[in-house]
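Student: I have a structure I would like to understand better, so I am pasting it below and will then ask my questions one at a time.
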Amino acid sequence: MKHILVIGGGIIGLISAILLKNQQYEVTLIEQNEKLGGLLQSSIASDGLFFDYGTHIPRETGVKELDTILFESLNKNEWNMYDYLKVGNYFEGKLNIDSQFIDVTRMDSDVFVKGLFDLLHTTPIEDSVNDADIYLEQYFGETFKREIFAPILEKLYGKKLCELHKNAHKLFGYTRIICGDQFLSSNFKKSSFFDDKLANTNNKIGISGLKSYYPKKAGIYKFVEELEILAVRTGVNIMKNKTINSMELDERMVKEVVLSDGLNLQCDYLIWTIPPSFLINKIDVDHQGAIPQFRSVGLFNFEFDTPFLVDNHYIYCNESIYKTFRITLYSNLVSSVQSSPYTCTVEILGDLDEIQLISPESVVAELLSMKIISSKAKVLFNKNTIIKNGFPIMTNNHYDNAHEIEETIHKKIENIIMLGKNSNKSFFMEDSLRDAYEILKKKDLI
Ligand SMILES: Cc1cc2nc3c(=O)[nH]c(=O)nc-3n(C[C@H](O)[C@H](O)[C@H](O)COP(=O)(O)OP(=O)(O)OC[C@H]3O[C@@H](n4cnc5c(N)ncnc54)[C@H](O)[C@@H]3O)c2cc1C
């Protein structure tokens, strides 16, 4: 029986291991920490008081085999299932609780009219475009690019549009705008050209049919616990607190790996879900190219003594002068009727030293100004953490750099497949899961 080693026990390693085990391979999953889940973690501050590592609300992928593994074994009494998520956004001094998309009608009327004029005069994107400055100008028109996307993307990435990849805005879902009421939007959306650029005015309209899930009583780590039980039941051999020390190569094939505790494992295939830089150091390759860079994320966790003023599951802050990127409101996720504890996490992107200087008080002031908490709300608990390598900085050579690293590794090793967020092919869970599935299928492993 072929032995496949999966390195990294995040969601992608875990699901890949189950998919492969279902094909009767011998599968060993190796995780350096004592807990699986990678970025899908919840910290427990006290009984019933939990905070996740950012917004992690799993949604069906639309791939039957994946969705069966991900969601079928969940005890539905313990999980909330949502047809759509209540996502809001704050822009131009106003909270829009009905949509994640920016409503340009809230802008100064001069800017709005000029922006709309530019938008209506856009033409299909030219093939030669490869930076965000030109792409967004051709996609949304010069005014909206300058007034909306340039400041927001600079806040999130710390880079000018001309330094960013043409798809940089897509990472944060800035693919559409609202530029009128639903009647107007529906009419414009009849044209496929404008359908791509314009959003409906409410999350409820045009839902995909894919369900999202969140535990009724705990944080997202419960999802990992359930998947770990499934992996063990399926027969995946899980090894925690271990990593790879070295590997034995025969021609271009990894035949054996030696773990940190000295254990030797035979290997026919290596599924790599951890940063490639770790591998480059192990296999002695000369890689001179650039390595994809990541933005740090500050997670500011709060418990308040009073309910939130909104019932959103999460809210994006599109105000470029505010530090907040996104707020996840757990009290609205675990139950449709808010009950204590009233907890949320505010995510802030920035350079590490920049984030270290941000005070919890200034974050609370932004929540207050956005009218997410009342002026009477008192903080009962707060704690912040920083994820050093959070969101990828999508510079215009981001994918080229990632591709070059993968090529370099493949020149040295044939029987390796790089998957997940760390492979830099995709970032979000759902995309990374679908990509992993497609790649394993293409390689005829599943
Ligand atoms: C702040 C933040 C917010 C996010 N919000 C969302 C969101 O709203 N929606 C969404 O879909 N996605 C979101 N994501 C992305 C999501 O977290 C990732 O898509 C997903 O977690 C990637 O899983 P992974 O298995 O590829 O990688 P990871 O979760 O990074 O897992 C990699 C695993 O490998 C292990 N490992 C590392 N080095 C070694 C080693 N040397 N040996 C052994 N094991 C090792 C790690 O400990 C970890 O367990 C967010 C990410 C961040 C940072």
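Student: How about the stretch 29-128: which GluC sites (Glu not before Pro) there lie in a loop by DSSP and see at most 14 other Cβ atoms within 10 Å? List each step's numbers first, then the result.
Tutor: Details: sites: 31, 34, 60, 65, 72, 78, 92, 126; in loops: 31, 34, 60, 72, 78, 92, 126.
Within the stretch 29-128, the qualifying GluC sites (Glu not before Pro) (loop, at most 14 other Cβ atoms within 10 Å) are 34, 72, 78, 126.
Student: In addition: Using 1/(1 + (r/R0)^6) with R0 = 60 angstrom and r between the beta carbons of residue 23 and residue 108, what's the FRET efficiency to the nearest 0.05? Spell out each step's value before the answer.
Tutor: Details: r = 58 Å, r/R0 = 0.97.
Plugging the Cβ-Cβ distance into 1/(1 + (r/R0)^6) gives 0.55.
Student: Moving on to the next point. Hey, what do the phi angles of the stretch 236-251 turn into as Karplus ³J(HN,Hα) couplings, whole Hz, using 6.51/-1.76/1.60 and θ = phi - 60°, x for Gly and Pro?
Tutor: These are the phi-based 3J(HN,Hα) values: 6, 8, 9, 10, 9, 6, 9, 9, 8, 8, 7, 9, 9, 10, 10, 6 Hz.
Student: Full-extension gain between residue 184 and residue 339, please, as 0.36 nm times their residue separation minus the C-alpha to C-alpha distance. Don't skip to the end; give the middle numbers.
Tutor: Values: separation 155, 0.36 × 155 = 55.80 nm, distance 3.81 nm.
Gain on extension, residue 184 to residue 339, equals 52.0 nm.
Student: Follow-up. Please compute the per residue accessible area over the chain with all protein chains in place, 1.4 Å probe, rounded to a whole number of Å². Don't jump to the answer; show the numbers that get you there.
Tutor: Details: 20030 Å² over 446 residues.
Each residue of the chain exposes 45 Å² on average to a 1.4 Å probe.
Student: Please give the contour-minus-distance gain from residue 277 to residue 77: 0.36 nm per residue of separation, less the Cα-Cα distance, rounded to one decimal in nm.
Tutor: Details: separation 200, 0.36 × 200 = 72.00 nm, distance 4.23 nm.
Separation in residues times 0.36 nm, less the Cα-Cα distance, equals 67.8 nm.
Student: Cross-link list 114/323; 421/441; 35/421: which exceed 22 angstrom alpha carbon to alpha carbon?
Tutor: On the way: 114/323 28 Å; 421/441 18 Å; 35/421 18 Å.
Listed pairs above 22 Å: 114/323.
Student: Hey, another quick one. If you take the Cα atoms of the stretch 182-261, find Rg, then find the Kirkwood Rh from the mean of 1/r over all pairs, what is Rg/Rh? List each step's numbers first, then the result.
Tutor: Numbers: Rg = 24.3 Å, Rh = 18.5 Å.
My calculation of the ratio gives 1.31.
Student: Need the list of lysines near residue 86 for cross-linking: C-alpha distance under 17 angstrom, and skip anything on the same chain fewer than eight residues off.
Tutor: 94, 204, 211, 216, 371
Student: Quick one: Debye curve from the C-alpha atoms of the chain, no solvent, what's log10 I(q)/I(0) at q = 0.08, 0.13 Å⁻¹?
Tutor: After summing over all Cα pairs, the log10 values are -0.50, -1.28.
Student: List the residues whose amide H sits under 5 Å from the amide H of residue 397, counting only those 5 or more places along or on another chain, with H placed 1.01 Å from N in the peptide plane.
Tutor: For residue 397, whose amide H was placed from the backbone, there are no distant partners under 5 Å.
Student: Spelling out what I want: for every residue of the stretch 435-441, take phi, set θ = phi - 60°, compute 6.51 cos²θ - 1.76 cosθ + 1.60 (Karplus), and round to whole Hz; glycine and proline get x.
Tutor: So the Karplus estimates, Gly and Pro as x, are 4, 4, 4, 4, 5, 5, 5 Hz.
Student: What are the ³J(HN,Hα) values, in whole Hz, obtained from phi via the Karplus relation 6.51 cos²θ - 1.76 cosθ + 1.60 with θ = phi - 60°, for each residue of the stretch 163-177 in sequence order, with x given for Gly and Pro?
Tutor: Couplings: 8, 9, 5, 4, 9, 4, 5, 5, 4, 9, x, 7, 9, 9, 10 Hz.
Student: Roughly how tilted is helix 360-369, in degrees to the nearest 10 and between 0 and 90, from the longest Cα axis of the chain?
Tutor: Here the helix axis deviates by roughly 40 degrees.
Student: Next up: Report the label-to-label distance for residue 388 and residue 256 in nanometres (one decimal), using points 7 Å from each Cα along the Cα→Cβ vector.
Tutor: 3.3
Student: Per residue and in cubic angstrom, what volume does the convex hull of the Cα atoms of the stretch 1-149 have? Present the calculation step by step, with values, prior to reporting the outcome.
Tutor: Working: hull volume 33.5 nm³, N = 149.
Convex hull volume per residue, Cα atoms: 225 Å³.
Student: Hey, another quick one. As an exercise, identify the trypsin sites (Lys or Arg not before Pro) in the stretch 352-446 lying in DSSP coil whose Cβ has no more than 12 other Cβ atoms within 10 Å. Before the final figure, lay out each step's value.
Tutor: Working: sites: 371, 376, 378, 383, 388, 411, 412, 421, 425, 434, 441, 442, 443; in loops: 371, 376, 378, 425, 443.
Loop-located and lightly packed - 376, 378, 443.
Student: I would also like to ask the following. Grab the beta carbon distance between residue 130 and residue 268, set R0 = 30 Å, and tell me the FRET efficiency rounded to 0.05. Each step should come with its number before you reach the end.
Tutor: Working: r = 39 Å, r/R0 = 1.30.
That pair, residue 130 with residue 268, gives E of 0.15.
Student: Scattering from the C-alpha atoms of the stretch 105-156 alone, worked out with Debye: what is log10 I(q)/I(0) at q = 0.14, 0.30 1/Å?
Tutor: -0.35, -1.13
Student: About the Cα centre of the chain, how large is the charge dipole given +1 on each Lys and Arg Cβ and -1 on each Asp and Glu Cβ? Please answer in debye to the nearest 20. Please report the intermediate quantities before stating the final value.
Tutor: Values: 48 positive and 60 negative charges, 192 e Å.
Approximately 920 debye in magnitude.
Student: Under 5 Å between amide hydrogens, which residues at least 5 positions from residue 418 or on another chain qualify, with H placed 1.01 Å from N in the peptide plane?
Tutor: Here 272 satisfy the definition.
Student: Treating the beta-carbon of each Lys and Arg as +1 and of each Asp and Glu as -1, no other charges, what is the dipole magnitude of the stretch 294-392 about its Cα centre, to the nearest 20 debye?
Tutor: Working: 8 positive and 10 negative charges, 26 e Å.
Around 120 debye, computed over the stretch 294-392.
Student: As I understand it, the dipole of the stretch 294-392 uses +1 on the Cβ of Lys and Arg and -1 on the Cβ of Asp and Glu, about the Cα centre. Which of 356, 333, 308 lies farthest toward its positive end?
Tutor: Positive-most Cα among the choices belongs to 333.
Student: While we're on this one: Would you grab the residues whose amide H sits under 5 Å from the one on residue 390? Only those 5+ places off in sequence or on another chain, please, with H modelled 1.01 Å from N.
Tutor: 295, 296, 297
Student: In whole Å, how far is the Cα centre of the stretch 169-243 from that of the stretch 74-152?
Tutor: 17
Student: For the stretch 25-68, just the Cα atoms, rotate onto the principal axes and tell me the three extents in Å, largest first.
Tutor: The principal-axis extents, from largest down, are 40, 28, 16 Å.
Student: Measure off 7 Å from each Cα along the Cα-to-Cβ vector at residue 121 and residue 233, then give the distance between these two points in nanometres to one decimal.
Tutor: With each label placed 7 Å out from Cα toward Cβ, I get 6.2 nm.
Student: Hey, another quick one. Determine the principal axes of the Cα atoms in the stretch 104-195, then give the extent along each, sorted from largest to smallest and rounded to whole angstroms.
Tutor: Answer, in whole Å and largest first: 37, 29, 21 Å.
Student: May I have the extent of the alpha carbons of the stretch 294-392 along their three principal axes, as whole Å values ordered from largest to smallest?
Tutor: Answer, in whole Å and largest first: 37, 24, 23 Å.
The values are calculated or read from the model by the stated rules, or taken from the named source; none is laboratory data. Note that the structure is predicted; figures quoted are calculated from it, not measured. Every residue, glycine as well, gets a Cβ built from its backbone with ideal geometry; the counts of neighbours run over all protein chains shown. SASA here: full protein model, heavy atoms, side chains in, ligands and nucleic acids out. Shrake-Rupley method; radii C 1.70, N 1.55, O 1.52, S 1.80 Å.
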